[in-house]
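Shown next, in structure tokens, is the structure this report addresses.
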Amino acid sequence: MLKRFWPWFWFTVGAMYFLVPLYATFDFSLRARRGELSFAAYANVLNDIKFVESFWFSFQTALATIVISALVIVPTAYWVQLRLPRLRPVIEFFTLLPFVVPAVVLVFSLARTYSRTPLTDSREGLWVLLIGSYVILSFPYMYRAVDTGLRSINIHDLTEAAQSLGAGWFTILARVIFPNVYTALLSGAFITFAIVMGEFTIAALLAQPAFGPYMNRLASSRVYEPSALAIISFALTWAAIAAIQWIGQGAQARVAGPR
Amino acid sequence: MAFLELVNVRKSFGASVAVENFNLAVERGEFVSFLGPSGCGKTTTLRMVAGFEKPTAGRIVIDGVDVTDTPPNRRNIGMVFQSYALFPNMTVADNIGFGLKIARRPADEIRARVEELLRIIHMSEFGRRYPYQLSGGQQQRVALARALAIQPKLLLLDEPLSALDAKIRASLRQEIREIQRQLGITTIYVTHDQEEAMALSDRIVVMSRGRIEQIGTPFEVYNFPATRFVASFVGTLNLLQATVVDAAIGLVSVEGQSIRVARPLTQHRSGDAVSLALRPELIALDGQINSEVNRLSGTVEDVTFLGSIVRVRVRLSANKLHFDLFNNPQLRPPQPGSLITVQFAPEACLVLGEDASPAHPMSASAAQAA
Ligand SMILES: Nc1ncnc2c1ncn2[C@@H]1O[C@H](COP(=O)(O)OP(=O)(O)OP(=O)(O)O)[C@@H](O)[C@H]1O
Ligand SMILES: [Mg+2]
């Protein structure tokens, strides 16, 4: 009996740690009108065109980040495992850099490096720079997820099998490697998505109309709406992740199995 | 000109040499095995034929075309791996059709060819399964079908059965051989299992430490080993320490007991230390062969009952000797500790030099037979 008690006890403590603030925020967000519980704050948030615009902007940015980092990282991780295994420690070191280099430093060095190029003197250019920064931020998560995924299949023999059947590198990547790391890629994508949706520093410094700066602005100017927004963004982020998962399900089911 | 030719092929990894002085000519439709212990360079040689490794020196010619510098995806060679290497994200049918899809064949043709191959490997109902839903033997059959689908010039198999259990291994190897005969496809089969190589091959290439020791039919390799290595690697063998008594008439002595071999020992002089090699199945209990025979006497040390065969170990004084008797319920097998005399024909004796040099009376006839 006691054996069952302690695991549950710690589980409950952990769950409360996450759920109580969430509940408190939710509860607070319902009290916009004095003396009654209402969704007034939610209505205010959802009626704000800035909310929709910034959320949509960050959503697109997140998708672009995921696609670009997948296109860069899968071939890289594949090649490193296949041909340059000795480079692996070096790459692993690189994956730690985004944790070590503060976002402020990252964005200033990028801005300096690319100043007076189309990347810094146009709206689109800055967006590209933003995505570039996010690709760097997501690098550790994406690389490690893909690297683990690649290790669970025998890329060496699969590559040679495909080659002997006439496939070139592009075909091998597109038809053999990508489909088989899809599941791993999805797990990296979820984290990337969550990071990009909430990111503040880089987006603010690049003056981008992103969701993070919007939340921040709202938090400093309103009382109940920020809480409502927190709950909404929490729900939307989860919904978006569920959607990615659902879209990926088809491909996922095909490679599932006891491996 | 042979269909596949390896000419003076050599491969080194840094300072270490994996394959050296490799010359081989394989005829169209032939089934050739590479046989040798682990690390002897079988896989490396096969991978050079496939194009996954580039020879350090030498040439590889397939069907009259020098492919030494051709990348693997342009060689049109079917490859089967020990690990099966089926694409986990594709069904059995898609796996088999992969090569044809790459070659942009029309969908109808692909479907027909896939069905044909599924029939050949007796797996017609499995087209829609995924690899993880198949047993190891089934996966390897699919891998074989996938390699054959592109109608390759050559079929290369690298220890395809090593991951399977003994029963399936025996039946699948027969199946591989039948399909190979049926399609008449030129095949190279890598194995370290001599029984597998014997059962399957038209010819066997016995390798050791990156070099070819002997090329010959299973019959030649087993009965007329060209080197000491081949003699001891292929089949089981008794090796007895002996001394040459009279090289001219082929007389040696094993612990003082005289043994006559079938031919003069041209490469030895009287007094040389040699090894006398004897296959266990060519030794019999004394009295069962009537012609002029060699005899050796010793003490029965151990008797092992192996079913159809009873293997007897005899100790002379310094040497040990195995031989086989057929199981016979009417006959009591020899008892450990008892004295025993065995006999064998002079033709059963191979004399091997102390070094690795080929030196036995049969090498002349082996060369003729080859
Ligand atoms: N990529 C490589 N780099 C360095 N050395 C290698 C490489 N591939 C093979 N070798 C070496 O070449 C030699 C021959 O290896 P190979 O794999 O051809 O042996 P094998 O006969 O196939 O053995 P096994 O029966 O164990 O598969 C070995 O000594 C091996 O260590
Ligand atoms: Mg090998």
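The values are calculated or read from the model by the stated rules, or taken from the named source; none is laboratory data. The model shown is predicted, which means the values in this text are computed figures rather than measured ones. As a convention, Cβ positions derive from the backbone with ideal geometry for all residues, glycine included, and neighbour counts pool all protein chains shown.
Restricting region B:238-255 to residues that are crowded, with 16+ Cβ neighbours inside 10 Å and assigned to a loop (DSSP other than H, G, I, E, B) leaves a set whose member that is farthest from the chain's Cα centre (by Cα) is B:A247. Within region A:107-125, not a single residue is at pLDDT 90 or above and not small (G, A, S).
Close Cβ contacts (under 8 Å, 6 or more residues apart or on different chains) running from residues in region B:179-202 that are within 18 Å of B:F3 (Cα to Cα) to residues that are of a type in the set (D, E) and away from ligand 2 (no atom under 16 Å from the Cβ) comprise B:T186/B:E27; B:T186/B:E30; B:T187/B:E30; B:D202/B:E30.
For region B:99-131, residues that are within 13 Å of chain A (Cβ to nearest Cβ), more than 14 Å from B:Q151 (Cα to Cα) and more than 31 Å from the chain's Cα centre (by Cα) total 4.
For region B:181-194, a tally of residues being away from ligand 2 (no atom under 16 Å from the Cβ) and under 11 Å from B:L156 (Cα atoms) returns 3.
Here A:L150, A:L236, A:L229 are screened, and the one residue that is buried (at least 18 other Cβ atoms within 10 Å of the Cβ), away from every other protein chain (no Cβ under 14 Å) and more than 16 Å from A:I68 (Cα to Cα) is A:L229. The combined condition, being assigned to a helix (DSSP H, G or I), under 30 Å from B:S83 (Cβ atoms), more than 14 Å from chain B (Cβ to nearest Cβ) and of a type in the set (A, V, I, L, M, F, W, C), is fulfilled by A:A189.
Would you confirm, using the coordinates I've provided, whether B:Q180 is in a helix (DSSP H, G or I), polar (S, T, N, Q), more than 16 Å from ligand 1 (Cβ to nearest atom) and in contact with a helix residue (DSSP H, G or I) (Cβ under 8 Å, 6 or more places away or on another chain)? So B:Q180 fails the test.
Please go through region B:193-234 and pick out each residue that is within 16 Å of ligand 1 (Cβ to nearest atom), farther than 23 Å from B:S275 by Cα and part of a helix (DSSP H, G or I). B:E195, B:E196, B:A197, listed by residue number. Residue check: is B:D94 away from chain A (no Cβ under 11 Å) and either away from ligand 1 (no atom under 14 Å from the Cβ) or not acidic (D, E) (or both)? Answer is no for this residue.
The residue that is nearest to the other protein chains (Cβ to nearest Cβ), counting only those in region B:68-84 that are of a type in the set (V, I, T) and surrounded by fewer than 21 Cβ atoms within 10 Å (Cβ to Cβ), is B:T70. Would you mind stating whether B:Q151 is surrounded by fewer than 22 Cβ atoms within 10 Å (Cβ to Cβ), assigned to a loop (DSSP other than H, G, I, E, B), at the interface with chain A (Cβ under 10 Å from one of its Cβ atoms) and not small (G, A, S)? The answer is no for B:Q151. Residues in region A:143-185 that are small (G, A, S), part of a helix (DSSP H, G or I) and touching a residue at least 24 places away in the same chain (Cβ under 8 Å): A:A145, A:G149, A:A184.
Working only within region B:124-148, note down all residues that are in a loop (DSSP other than H, G, I, E, B) and crowded, with 18+ Cβ neighbours inside 10 Å. If the condition is that a residue be in a loop (DSSP other than H, G, I, E, B) and crowded, with 18+ Cβ neighbours inside 10 Å, then B:G127, B:Y130, B:L134 are the ones that fit. None of A:P140, A:P98 is under 16 Å from A:T65 (Cα atoms) and modelled with pLDDT under 90 except A:P98. The set of residues in region A:221-248 that are touching a helix residue (DSSP H, G or I) at 6+ places or on another chain (Cβ under 9 Å) and of a type in the set (S, T, Y) comprises A:Y224, A:S227, A:S233, A:T237. Just one of the numbered conditions (1) crowded, with 18+ Cβ neighbours inside 10 Å; (2) away from chain A (no Cβ under 13 Å) is not true of B:R47: (2).
In this structure, B:A197 does satisfy being within 16 Å of ligand 2 (Cβ to nearest atom) and modelled with pLDDT under 95.
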